[in-house]
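Worksheet for the structure shown next.
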Amino acid sequence: NITWFSLSGGLFIKESEREREREKEREREREREKEKEREREKERERKREREKEREKKRPREKERERKRERKREREKKREREKERERERERKRERKRERERERERKRERGKERERKRERKREREREREKESERERKRERERKRERERKKKREREKEREREREREKEREKKRAREKEKEREKEREKERERKREREKEKERERERKREREREKEREKERERKREREKGEKECVTEELRKKQRENKKEKGRKRERGREKKNI
């Protein structure tokens, strides 16, 4: 629009200059016509002077010349009237041309105003579209933020779930550890019970051994009374056997303890 306006303005200026040049040319043409008319008038004046001279010589011719002169005057008057009419017509034409030029100028001004208005309208429309686009972009941004927030919330929820699972797993592990510990404790308790039982068994065994020993002692006493001839070697062997049995019992107790 600005380019067109500049061009149209330039064309208008050039057209106005051409019109002024044409007007000057017409003015020069009128001057030349006037100059020619003056020349012709001078020439006619000279002719009249010559005619006057001849008139003096020819009276009848003089009358005819006066008639011709009057006729020429009338012709000249009509010509001047026609020229004035033509001049008035040219003035009217120039006035109409100026009016048309003013009308064209007004029309061009209106057209420029309409173009400016259309441009402003397009600018307003572009601004509205830009505002709508900015609004849509803000909405998209808010939607992305909401989506990210939902994703973060979901991720936190999943993390809480995972933490709960880990907590449950740790609880199960602890429970397993406690169960193992309790099982170990039960095993130790059972072992203690077994050990107590074995101890009681050993005690009973010792009691039975003591009884057997007493029984053997009574038997020996009886045999002693019956056999006075038992040698020292036999007594020694009996003592060794007794010691060996004691050692075996001791080893048996150690194995049970282990």
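Here the chain is treated with +1 on each Lys and Arg Cβ and -1 on each Asp and Glu Cβ, and its dipole about the Cα centre works out to around 880 debye.
Between Glu173 and Lys34, full extension at 0.36 nm per residue minus the direct alpha carbon distance yields a gain of 37.0 nm. With respect to the chain, whose longest principal axis is taken over its alpha-carbon atoms, helix 232-257 is tilted by about 20°.
Modelled label-to-label distance, Arg80 and Glu103, 7 Å Cα→beta-carbon offset: nm? The modelled label-to-label distance comes out at 3.6 nm.
Modelled label positions at Gln238 and Glu183, each set 7 Å beyond Cα in the direction of Cβ, lie 5.6 nm from each other.
Seen against the Cα atoms of the chain and their longest principal axis, helix 2-57 is set at about 10 degrees. Taking a point 7 Å from the Cα of Glu191 along the Cα-to-Cβ direction, the residues of the stretch 143-179 with backbone N closer than 20 Å to it are 177-179. Modelled spin-label separation between Arg247 and Lys210, with each label point placed 7 Å from Cα along the Cα-to-Cβ direction: 2.6 nm.
Measuring r between the beta carbons of Arg94 and Arg126 and using R0 = 41 Å, the FRET efficiency lands at 0.35.
Convex hull volume per residue, computed on the Cα atoms of the stretch 101-231, equals 79 Å³.
Three principal axis extents describe the C-alpha atoms of the chain; from largest down they are 238, 30, 11 Å.
Rule-based calculations on the coordinates, nothing more; no lab input. Since this is a predicted model, take the numbers as computed values, not measurements. Note: ideal-geometry Cβ built from the backbone for every residue, glycine included; neighbour counts use all protein chains shown.
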